[in-house]
Amino acid sequence: MLFQIVKPVCAAVFTGECVADTDVVTIRGITCLISSLIGQIPKVLAFVAVGMIIYSGVRLIGAGADPKAYAAAWSTFVYAVIGLILLAVVWLILIAIQNFTGAPVTQFGIPN
C-alpha cells in the first residue's frame, strides 16, 4: 500500500514530468510535487481510518469485561467509521462540483 502511494509522487518527480526541458529547477517542479502529494492524501486518510477500525476491533476483543476499556474502544471505532464516511462524502462532493461546473477542484496548480 505504501509503495502505491509513494510511486506516483516519485514517478512525477524523477521521470521528468516536474522538470522543465532545460533541467533547471523551476516553480513548476514545486507545484508538480505538491499536486502529486495532494493526490495521495485521500488514500492515506482511508488507510489510516481502516487501520483505526482494525485497531479498535482488537481493543474491543481485548476489553473483556472492563466497561471503560470497552467504551473507549467502541468510541474509537465509531470515530474511525465517521471519519471514513466523511472522507467519502467530501470526495464525492468535490467530484460532483467538478462534474457540474467543469472546474478542476481536485487538481492543484499555479496558473501561468
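The values are calculated or read from the model by the stated rules, or taken from the named source; none is laboratory data. Since this is a predicted model, take the numbers as computed values, not measurements. When we count neighbours, we look across all protein chains shown, and the Cβ atoms used for this are built from the backbone with ideal geometry, even at glycine. Just the protein is used for accessible areas: all its heavy atoms, side chains included, with ligands, DNA and RNA removed. Shrake-Rupley method; radii C 1.70, N 1.55, O 1.52, S 1.80 Å.
Some notes on this structure:
- Boolean, Tyr70 is touching a helix residue (DSSP H, G or I) at 6+ places or on another chain (Cβ under 7 Å) and surrounded by 11 or more Cβ atoms within 10 Å (Cβ to Cβ): yes
- Evaluating Ala65 against the criteria (1) over 19 Å from Ile41 (Cα atoms); (2) modelled with pLDDT under 90; (3) in a helix (DSSP H, G or I) leaves one unmet condition, (3).
- Screening segment 96-112 for residues that are open to solvent by less than 70 Å² (accessible area, probe 1.4 Å) and under 13 Å from Ser35 (Cβ atoms) and picking the one that is modelled with the lowest pLDDT gives Gly109.
- Matching residues in segment 86-104 - criterion: being under 17 Å from Ile41 (Cα atoms) and either in a helix (DSSP H, G or I) or in contact (Cβ under 8 Å) with a residue 60 or more places away in the chain (or both): Leu86, Leu87, Ala88, Val89, Val90, Trp91, Leu92, Ile93, Leu94, Ile95
- Test: Arg59 is at pLDDT below 80 and out of contact with any Pro (no Cβ under 9 Å at 6 or more places or on another chain): no
- Residues located in segment 43-58, provided they are free of Cβ contacts under 8 Å to residues at least 40 places away in the same chain and either open to solvent by 100 Å² or more (accessible area, probe 1.4 Å) or over 17 Å from Leu84 (Cβ atoms) (or both): Ile54, Tyr55, Val58
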